[in-house]
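Accompanying notes for the structure given below.
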Amino acid sequence: RAQHVAITRDGIRFIREKRPFCWGLSCTDRGKSSKTVPFDKITDCDLEEPAGNACICCVPRILTVVNVDTASSGGGMKELSIAGLKNPVGFKKLVWAMKRVTAQGSGGGSMSSCVIDRGNYDGGGVDSTGESVTTLLKEIRDEMKVNNDLLRGLKNCDTVEDVAPSYNKIDVEKEDNEKIIELL
C-alpha cells in the first residue's frame, strides 16, 4: 500500500509513501519519495521473471520485477525497479506504446490519433473510419442504460419480477420436483 505507480502523458510516476522500515521502529521510518521517468529518456524496459528461492531457500520468489533504464543510469543500477505489479507484461507494453506515441507526437501528430491508428496491442485493428470503435462504444452505452434501469427498478421494488417481468422465469412444481421453464 505504500507504493504507487502511474503512467502519465509525461512519463512513469512512481511514489513511495512514508513507511516503517527495519523492525518497524519510528526512528527508522523512510519518508515519502517520488520519481518521474520521462518517456523520451527511457532506453530500456525489461522484466525479471521470478525463479528460485530467497531467504535461505525456504521462501519462493513470486514477484516479477519491471526494470526501467535511462541513458543516465549506468552500471548495474536501474533508474526504476518496480516489483509486484499485477500485469507486468501489460505495463511494459504500455510503456513502449507511450514512448512511441510521445516520439511520434513530437513530430507533429497528435497522441490520440496515433493510438487510434495503431488499434490494440494484440494485432487487432480499427478500420480507417473508426466505425468498429463507435459501434462497440454504442453497444456498451446501450447495455449500461439497461443495467441502470434495472438497478433503479431494484431500488424501488422488493422482487426481481417487478423489475424485469420479461425475463425467463423458473417454476418448480412441488409434487414431482420438475423444473418447468416458462418463457414470457
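The values are calculated or read from the model by the stated rules, or taken from the named source; none is laboratory data. Everything quoted here is computed from the prediction, not taken from an experiment. No Cβ is skipped: glycine too gets one built from the backbone with ideal geometry, and neighbour counts run over all protein chains shown.
Just a few scattered comments:
- Yes/no for D40 being of a type in the set (D, E) and farther than 21 Å from G84 by Cβ: yes
- Subset tally (residues that are out of contact with any Phe, Trp or Tyr (no Cβ under 9 Å at 6 or more places or on another chain) and aliphatic (A, V, I, L, M)) for the stretch 69-100: 4
- You will find that of R30, R16, the residue that is charged (D, E, K, R), touching a Ser or Thr at 6+ places or on another chain (Cβ under 6 Å), under 22 Å from K78 (Cα atoms) and without any contact (Cβ under 8 Å) to a residue 24 or more places away in the chain is R16 and no other.
- If you go through the stretch 5-60 and keep only what is surrounded by 10 or more Cβ atoms within 10 Å (Cβ to Cβ) and hydroxyl-bearing (S, T, Y), you end up with T8, T28, S33, S34, T36, T43.
- Search result, residues across the stretch 88-117 that are surrounded by fewer than 16 Cβ atoms within 10 Å (Cβ to Cβ), at pLDDT 90 or above and farther than 17 Å from P38 by Cβ: V89, G90, K93
- The residues of the stretch 68-83 that are surrounded by fewer than 17 Cβ atoms within 10 Å (Cβ to Cβ) and within 18 Å of the chain's Cα centre (by Cα) amount to a single one, A83.
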